[in-house]
Amino acid sequence: MYVAYLTATLLAAGLTASAAIANFIGHHYPKSQADKLEIPRTWMLPLGTLLAAAALGLLAGLFIPALGTLASAGLVLYFLAALAAHLRVGDHSLAAWSLFFGAALAAFTTNLAYH
């Protein structure tokens, strides 16, 4: 079980950190998503900060399990809110969302199962 927990946690942390970095550097993809979802681009830095905190929380959770549980639960909620934002504007291209949500959900469920 530990291998599944470690794999899911590291995958979710890596994906989340890459999304945070993309927001911080102003990469085209998060900008285009913000425009498509009618979210102000000024939210990119706060959303990137949330993602960075979650990635760090997942990694810290390897040593302090409660932090990993909270970080992964927060990510699941973050991506459920992202789903609502997509559906609000009628955007049904959810491939990237499902990758990130699946990783967050896997980290959460393996965290609960392992601890």
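Throughout, read-outs are computed from the coordinates displayed, never taken from laboratory work. Quantities reported herein were computed from a predicted structural model and do not represent experimental measurements.
Overview of values
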{"quantity": "Relative contact order (percent, whole number), region 21-115, Cα cutoff 8 Å, 6+ residue spacing", "calculated": "24"}
{"quantity": "P(r), alpha carbons of the chain - 10 Å bins starting at zero, rounded %", "calculated": "15, 47, 28, 9, 0"}
